[in-house]
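Down below is the structure, laid out as structure tokens.
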Amino acid sequence: MRQGDLVKRKSYGGDIIFRVQSVDQTNQRVILRGVDYRLLADAPVADLIEVKSDQFVDSSRFHSPQTVEPMRRLVRERMAMYREQSSTPLKGQQVGNFYFEVPGKVLHLDGDPLYLRKCMTMYEDLHIPAQGLHMQESQMASALERLLPQVKPDIVVVTGHDGFIKNRSDLDIYALSSYKNSGHFVKAVEVARNYERNRDALIVVAGACQSHFEALLSAGANFASSPARVLIHALDPLFIASKVSYTPSKNTVSMLELMESTVTGLEGLGGVESRGCHRMGLPRLEKIPSQKPLSV
């Protein structure tokens, strides 16, 4: 068993495909990260079944109909908004010829480099200004202290992998100590909320699989996982950020529509009523300054 191998767990019926993050040869245990889901787990080597590369096509899993449809729906909504705005005359001209749009800017911190690359590609496809960094979940709080004044985002996403700490006789789903990374996400949310206390001025999306939903909301997140402690899809945090980015700033985000934009739904994600971040302006801008790369 080597780092990067694809595996399933026999004890769970092979329900989830993982990638091996690290191997403890002494104790014959491995740390696993979900391929489709933001789940962090550990297992004995003897419990694992290797998944051959020819049995697994990564791109098809991320672009399955269930995954792609929410993104297509968001694009359709954007096009409908463009048509409505372009149909309003301005001194005999069409507004669509003159206006420019300012979607909400996203700062995305992710504990998984593969997920981050896929998310950044989708932000680009949706024309959402976004900057992202891969780092360990334990580093996110300190990184935000430096990055928030530098980037000045409208939306912050702090995500990666999470899950219950297994083999505990005193497992308490309401204790942060029962989770692998929820405590780190909570600290990151607290840093973001200390930077900007207004939940409509800075939208915070936080959590991963089975994360401590109540603690994240109490810390100041607008949207978080996971109310029913279920697994969430790798792209669910991006779906929420994208929907908020393109909701007009004068409107609140429809909670039901928002959760319909995710693969997991209400069991996996929830939150509080929040305003969108999208704005329109006149006259049309011919050139938008490029963003500087992030440094931590």
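Considering the zone a paramagnetic label at VAL102 would reach in this model (a point 7 Å from Cα along the Cα-to-Cβ line), which residues of the range 197-224 have amide N under 20 Å from it? Zone members listed by number: 197-204.
Could you order peptides 173-181, 209-217, 44-52 by the average number of other Cβ atoms within 10 Å of their residues, highest first?
Numbers: 173-181: 17.0, 209-217: 24.2, 44-52: 13.2.
Ranking the peptides 173-181, 209-217, 44-52 by packing returns 209-217, 173-181, 44-52.
Estimated from the Cβ-Cβ distance and a Förster radius of 35 angstrom, the FRET efficiency linking LEU176 and LYS250 is about 0.45. Pairs spanning more than 23 Å between alpha-carbon atoms, out of LYS105/LYS180; LYS52/LYS166; LYS52/LYS180; LYS105/LYS250; LYS118/LYS243: LYS105/LYS180; LYS52/LYS166; LYS52/LYS180.
Segment SER138..ASP15, full-extension length gain: 41.5 nm, with 0.36 nm per residue of separation and the alpha-carbon distance subtracted.
Rule-based calculations on the coordinates, nothing more; no lab input. Predicted model, so just to flag it, every value in this text is computed and none were measured. All Cβ positions, glycine included, derive from the backbone under ideal geometry; neighbour counts span all protein chains shown.
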